[in-house]
1. Just to be sure before I move on: is Ile145 surrounded by fewer than 16 Cβ atoms within 10 Å (Cβ to Cβ), at pLDDT 95 or above and of a type in the set (A, V, I, L, M) in the structure I sent?
2. Let me spell it out: the conditions are (1) modelled with pLDDT of 95 or more; (2) more than 19 Å from the chain's Cα centre (by Cα), and Arg72 meets all of them except one. Which number is the exception?
3. Only residues that are within 11 Å of the chain's Cα centre (by Cα) and touching a residue at least 24 places away in the same chain (Cβ under 8 Å): list them for segment 133-146, please.
4. Identify, by number, the condition in (1) modelled with pLDDT of 95 or more; (2) assigned to a loop (DSSP other than H, G, I, E, B); (3) closer than 22 Å to Glu25 by Cβ; (4) among the charged types (D, E, K, R) that Arg153 doesn't meet.
5. If you scan segment 40-60, which residues turn out to be more than 14 Å from Lys83 (Cα to Cα) and either out of contact with any strand residue (DSSP E or B) (no Cβ under 8 Å at 6 or more places or on another chain) or basic (Lys, Arg) (or both)?
6. Considering only residues that are surrounded by 13 or more Cβ atoms within 10 Å (Cβ to Cβ) and out of contact with any Leu (no Cβ under 8 Å at 6 or more places or on another chain), look in segment 12-24 and name the one that is farthest from Ile144 (Cα to Cα).
7. Spot the failing condition for His139; the list is (1) closer than 15 Å to His24 by Cα; (2) exposed (fewer than 14 other Cβ atoms within 10 Å of the Cβ); (3) of a type outside the set (S, T, N, Q), and only one is missed.
8. Can you list residue pairs whose Cβ atoms sit under 6 Å apart, with the first residue in segment 54-74 being in contact (Cβ under 8 Å) with a residue 60 or more places away in the chain and closer than 15 Å to Thr128 by Cα and the second being assigned to a helix (DSSP H, G or I) and aliphatic (A, V, I, L, M)? Count only pairs 6 or more apart in sequence or on different chains.
Amino acid sequence: MSDLSQTISSTLVAYYDMIRKRVHELVDSLPEDKIWRRPYHYGNSVGNLLLHLTGNLNYYIGAQIAKTGYVRQRDREFSDSGKPKEELLRNFDQAVDMVIKTIKKQSGDDWTASYVAEREPESKDRFTVLFRCASHAYHHVGQIIYLQKELTRTGAHGSE
């Protein structure tokens, strides 16, 4: 593997691993009964964000690059509720594991291989989609930070 390819791979692996660790820090501290609460009428619950992150990684990287056969049901990522926190985190961890494994398999030529997926007109190659998915994930980590703070405030309420 070339130096640049190795740098890309190791940087992306470290970034996805950091995202996983941060998600666990935030979600592990939440009581089970707050995972599906929506403290803001216009927003998502932590549970829905975990479903969304898991679905996003499994589709854009799993189905499209790793060829896992994953079939995404994106609307359900925002409407489902009730799965236990442990299951949500386990599924998220499996998605991140798959992403890291996929990254490590990329050769220098693979990074620039053509990429096409629904709802992703900007990503023309594998590097771009892996980078965009990492950015997307960290965007939602920011939302989870605010949700976690709101949900752990004394007297915090929210719709379920």
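1. On the way: surrounded by fewer than 16 Cβ atoms within 10 Å (Cβ to Cβ): yes; at pLDDT 95 or above: yes; of a type in the set (A, V, I, L, M): yes.
Criteria met by Ile145.
2. The number of the failed condition is (2).
3. Restricting attention to segment 133-146, the residues satisfying the condition of being within 11 Å of the chain's Cα centre (by Cα) are 133-141.
Those that are within 11 Å of the chain's Cα centre (by Cα) and touching a residue at least 24 places away in the same chain (Cβ under 8 Å): Cys133, Ala134, His136, Ala137, Tyr138, His140, Val141.
4. The failed condition is (1).
5. Here is the first cut: in segment 40-60, the residues more than 14 Å from Lys83 (Cα to Cα) are 40-44, 53, 55-60.
Across segment 40-60, the qualifying residues are Tyr40, Tyr42, Gly43, Leu53, Gly55, Asn56, Leu57, Asn58, Tyr59, Tyr60.
6. Our first condition is that a residue be surrounded by 13 or more Cβ atoms within 10 Å (Cβ to Cβ); within segment 12-24, this holds for 12-13, 15-20, 22-24.
When the remaining residues are screened for being out of contact with any Leu (no Cβ under 8 Å at 6 or more places or on another chain), the result is 13, 15-20, 22.
Details: Val13: 21, Tyr15: 17, Tyr16: 16, Asp17: 17, Met18: 15, Ile19: 12, Arg20: 12, Arg22: 10 Å.
For segment 12-24, the residue satisfying everything is Val13.
7. It fails just one condition, (1).
8. Hits for this filter: Leu57/Ala95; Leu57/Val99; Tyr60/Val129; Ile61/Val99.
The values are calculated or read from the model by the stated rules, or taken from the named source; none is laboratory data. Only a predicted model underlies this, so the values are computations on that prediction, with no experimental measurement involved. Here Cβ is always computed from backbone atoms with ideal geometry, including for glycine, and neighbour counts include all displayed protein chains.
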